[in-house]
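In what follows, a structure is listed as structure tokens, so that the remarks can point back to it.
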Amino acid sequence: MNKSLIKIPTADMSREEWLKHRRGSIGGSDASAIIGLNPYSSPYTVWADKLGKLPEKEDNEAMRQGRDLESYVAQRFTEQTGKKVRRENNILINPDYPFAHANVDRIIVGENAGLECKTTSTLNLKKFKNGEYPDTYYVQCVHYMMVTGCKKWYLAVLVLGKDFMVFEINRDEEEIRTLAQAEKDFWDMVQSETLPPVDGTSSTTETIGTIYADSDDSVVNLFAYEKSLKEYLDIGKQINELKAAKDEIANGIKAFMKESSRGETDSFKVTWASSVRSSFDAKKFAVDHPDMDISKYYKQTNTRTFKVTEKTA
């Protein structure tokens, strides 16, 4: 590793301190989102998070399992490769890249390399066909090599109940320079609070909805978006036309299938099976039990509906 690395101990660090350091620069899990290769996050979401505009991400079962099984994955890596590993209980900062930090899973003993431990579901198994793995994993490892100066990074992936795989990623200086420049440019936008490009991903949609959850009675001039608004309505019409065409095809096939639940051709399989879905009728329950207070069982969600209509003369 680079001998000039700044190390911030994490052993006795509080959650608040850790969050402050995490938001103070770009981490490995942020890198793929910044360059548009993360299906679950976007540059806009990372930007908003770094500026403290979003609440702390709630823990979920996948995150919990990933943490709990990290030691197991590291142990399996050692068993399979014979390479010993050690924990790095520090947030690592490279003075050459002050906009970035690394909180790595393991460092390889006796080798200028590190290890990233991943746990994933069997639903993601198709992402590992033919020796491939998700871009998010790759970019994270490149980020860690950038910060630490390591020449190599290993990726160990546990597919729950199905497989265990190890990948080896070698340092590529051109990739390091490209990623470093992208991260620096992004961090400049964070520091200046300059809005990054807004895309149509679900992550950006959710982020905007969270930041601007409440509306007021003000009216804003959208003259600069006149062309975009027309395009928005035109696209909506095309979607409706395509949906109608799609439904027409589906209905023709359904009418031919009649009671059959499955159909096949040489190239396709079609299923149209019966199913029953039960739902709770809260209004009827309230009528049948007028003396019972069920208000605490209602979940309120604050939403804002985006609607565009063309003015008539």
TODO: Just name one of Met145, Leu5, Gly131: the one whose Cα is farthest towards the positive end of the charge dipole of the chain (beta-carbon charges, Lys/Arg +1, Asp/Glu -1).
DONE: Gly131
Task: Set of lysines with alpha-carbon distance to Lys307 below 21 Å, sequence-local pairs under 8 removed - done: Lys227, Lys230, Lys237, Lys243
Open item on the list: Using a 7 Å offset from the Cα along the Cα-to-Cβ direction at both Glu173 and Lys258, what is the distance between the two label points in nm, to one decimal?
Closed with: 7.3 nm
Task: Hypothetical label at Asn89: residues of segment 42-81 whose amide nitrogen lies under 11 Å (7 Å Cα-Cβ projection) - done: none
TODO: At 7 Å along the Cα-to-beta-carbon direction for both Lys184 and Asp247, put a label point, then send me their distance in nm to one decimal.
DONE: 5.4 nm
TODO: Answer rounded, prolate or oblate for segment 124-235, using the Cα gyration tensor with square roots of eigenvalues a ≥ b ≥ c: rounded when a/c is under 1.5, else prolate when a/b is larger than b/c, else oblate.
DONE: prolate
Open item on the list: Please state the shape class of segment 176-313: rounded when a/c is under 1.5, otherwise prolate if a/b exceeds b/c and oblate if not, all from the C-alpha gyration tensor.
Closed with: oblate
Task: Taking segment 84-226 and dividing mean pair separation by its residue count, relative contact order in percent (alpha carbons under 8 Å, at least six apart) - done: 18 percent
Task: All lysines inside 17 Å of Lys296 as judged from Cα atoms, apart from same-chain residues fewer than 8 positions distant - done: Lys283, Lys284
TODO: Per DSSP H run of at least 4 residues, take -39500 (n - 2.57); add these up for the chain, divide by its residues and hand me the 222 nm value, nearest 500 deg cm²/dmol.
DONE: -13000 deg cm²/dmol
- [ ] Sort Ile211, Ile235, Ile249 by accessible area with a 1.4 Å probe, largest first.
- [x] Ile249, Ile235, Ile211
Task: Chain lengthening between Arg76 and Ala224 when straightened (0.36 nm per residue, less Cα-Cα) - done: 47.6 nm
- [ ] Run the accessible area of segment 129-244 with a 1.4 Å probe and give the carbon-and-sulfur part as a rounded percent.
- [x] 52 percent
Open item on the list: Need one word for segment 54-209: rounded, prolate or oblate. Basis is the Cα gyration tensor (sqrt eigenvalues a ≥ b ≥ c); a/c below 1.5 gives rounded, then a/b vs b/c decides.
Closed with: oblate
Task: Qualifying chymotrypsin sites (Phe, Trp or Tyr not before Pro) for segment 203-245 [loop in DSSP, other Cβ within 10 Å: at most 15] - done: Tyr212
Task: Modelled FRET efficiency - R0 25 Å, Ser29 with Arg304, Cβ distances, 0.05 increments - done: 0.30
- [ ] Name the residues whose placed amide hydrogens come within less than 5 Å of the amide hydrogen of Phe164, ignoring near sequence neighbours (fewer than 5 apart) on the same chain.
- [x] Val159
Task: Fraction of beta bridges assigned by DSSP in segment 65-181 that are antiparallel (%, nearest 5) - done: 60 percent
TODO: Return the label of the correct value of Kirkwood radius over Cα pairs in Å, as calculated from the structure shown, out of (1) 19.7; (2) 24.2; (3) 20.4.
DONE: (2)
Open item on the list: With a 1.4 Å probe and all protein chains kept in place, how do Asp163, Asp217, Asp96 rank by accessible area, largest first?
Closed with: Asp217, Asp96, Asp163
Task: Rounded tilt (10° steps) of 135-148 against the dominant C-alpha axis of the chain - done: 30 degrees
Open item on the list: Quick check on my link table: of Lys50/Lys84; Lys50/Lys162; Lys20/Lys118, which ones sit more than 30 Å apart, alpha carbon to alpha carbon?
Closed with: Lys50/Lys84; Lys50/Lys162
Task: For the chain, size of Cβ-based charge dipole, Lys and Arg +1, Asp and Glu -1, in debye - done: 700 debye
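The values are calculated or read from the model by the stated rules, or taken from the named source; none is laboratory data. Just so you know, these numbers come straight off a predicted model, no measurement behind them. So basically every Cβ, Gly included, is an ideal-geometry build from the backbone, and we count neighbours across all protein chains shown. The area values use the complete protein model at the heavy-atom level, side chains included, leaving out ligands, DNA and RNA. Shrake-Rupley method; radii C 1.70, N 1.55, O 1.52, S 1.80 Å.
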